[in-house]
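Student: One structure, as structure tokens, below. Some questions next.
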């Protein structure tokens, strides 16, 4: 029989965890929640060598414990690790930059901040802080913008590799409409990105994203060379911004008058693919939603950023239209985003839906932050649920983490889905980083630090 651990320590990725288990077997936007929510009020998660071995009721699985350590999180809710589909690590130090909308904000705050990442030591320092914040907030995987400097990518991947994280990142490609100190060229961006792909993509749990900042800061030649990288390395990602702000959309039309809109710029240069993820999509047309659906591309919904910069209200209901559905994940979009917490992000996503006359249930919100995010990143074979064989990244949420949450959830762990949704909604709206009791990476405690 397993040995209980009051203070979990190093387990070599082979461990058993007891608590209330919650994950999804399919998309609650398209199927009844009762059919796709998998919930075990007293569950056991068996992990071997960093992967899920089995999951189910404690009473059914406890005979399989053997000598592995048993970590008891009874009274807490255990979910797959949260997945952030759009965030900028170089912008960590410029959160809460006052008073501007997108284009002015980039020039006034973002570009001067990113200049600092030419210094590899500074980049390493920020990368460590950034990853600490992700783990503190229960985020175990993220799609991450670095800066234009290759050293900023090296710094990020070195820090992520040391923590055994499943992370995706890439060098920003930007050859116009930015300060000289941040501009590369079409050819240098191709050459540097290719070298970084060969160095980092598929190394351990690390993956690479070809990363033109957005169409306005790239020439057509640079975008086409980005597409060449996607042809040469079919398993890498395309990560960029799309249709965030009304003025931005108008500017793109001025810069690329030969194309039929913002998405068409990316489409005609070869960048709209199944492994392409476009951040924001606030101003997309119905036809653009349909094209993204046809290409099996994904959108990152970034509500805290969209509200902070006054960009608009994302049409989640249009993206999830079953007639031409688009893969959607959640993005914190730090530093325009106002929190590293995906729970706080689901809070704002709920409000955006309300302002559009829609409803976003707690289950749908958590789906976007777990299995939905994994599907958006084409990683649902590895992450996002507790299916056997998947990587054992998971988060422990304490529904009584604060006095207000304790009052709200005084009944403890619920037995029914109806009561569970009520408890989960309280975490969506009132949780944040304080509700994260522990974060595990490949079965190892990563936050708080191991004893």
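Student: Residues to consider are 307, 313, 292; find the one that is assigned to a loop (DSSP other than H, G, I, E, B), over 26 Å from residue 79 (Cα atoms) and touching a residue at least 24 places away in the same chain (Cβ under 8 Å).
Tutor: Exactly one of 307, 313, 292 is assigned to a loop (DSSP other than H, G, I, E, B), over 26 Å from residue 79 (Cα atoms) and touching a residue at least 24 places away in the same chain (Cβ under 8 Å), namely 313.
Student: Taking segment 159-174 only, how many residues are over 16 Å from residue 203 (Cα atoms) and surrounded by fewer than 23 Cβ atoms within 10 Å (Cβ to Cβ)?
Tutor: Total meeting the criteria: 0.
Student: Of the conditions (1) assigned by TED's automatic domain parsing to the domain that holds residue 156; (2) surrounded by 15 or more Cβ atoms within 10 Å (Cβ to Cβ); (3) over 28 Å from residue 158 (Cα atoms), residue 94 fails just one. Which one is it?
Tutor: (3)
Student: Which count do you get for residues in segment 334-373 that are in a loop (DSSP other than H, G, I, E, B) and either more than 25 Å from residue 32 (Cβ to Cβ) or without any contact (Cβ under 8 Å) to a residue 24 or more places away in the chain (or both)?
Tutor: 10
Student: Could you tell me whether residue 74 is at pLDDT 95 or above, surrounded by fewer than 16 Cβ atoms within 10 Å (Cβ to Cβ) and either touching a strand residue (DSSP E or B) at 6+ places or on another chain (Cβ under 6 Å) or within 23 Å of residue 405 (Cβ to Cβ) (or both)?
Tutor: In short, yes.
Student: Tell me, which residue of segment 85-143 that is more than 13 Å from the chain's Cα centre (by Cα) and not in a helix (DSSP H, G or I) is farthest from residue 305 (Cα to Cα)?
Tutor: 119
Student: Here is a list: 26, 67. Which entry is at pLDDT below 95, on the phi < 0 side of the Ramachandran plot and not in a strand (DSSP E or B)?
Tutor: 67
Student: What are the residues in segment 312-333 that are within 20 Å of residue 169 (Cβ to Cβ) and out of contact with any helix residue (DSSP H, G or I) (no Cβ under 6 Å at 6 or more places or on another chain), if any?
Tutor: Answer for segment 312-333, where residues must be within 20 Å of residue 169 (Cβ to Cβ) and out of contact with any helix residue (DSSP H, G or I) (no Cβ under 6 Å at 6 or more places or on another chain): just 331.
Student: Quick one: which residue in 389, 412, 432 is touching a helix residue (DSSP H, G or I) at 6+ places or on another chain (Cβ under 6 Å), in the same structural domain as residue 28 (by TED's automatic domain parsing) and on the phi > 0 side of the Ramachandran plot?
Tutor: Within the list 389, 412, 432, the selection yields 432.
The values are calculated or read from the model by the stated rules, or taken from the named source; none is laboratory data. The structure presented is a predicted model; accordingly, all values stated were derived computationally and were not measured. No Cβ is skipped: glycine too gets one built from the backbone with ideal geometry, and neighbour counts run over all protein chains shown.
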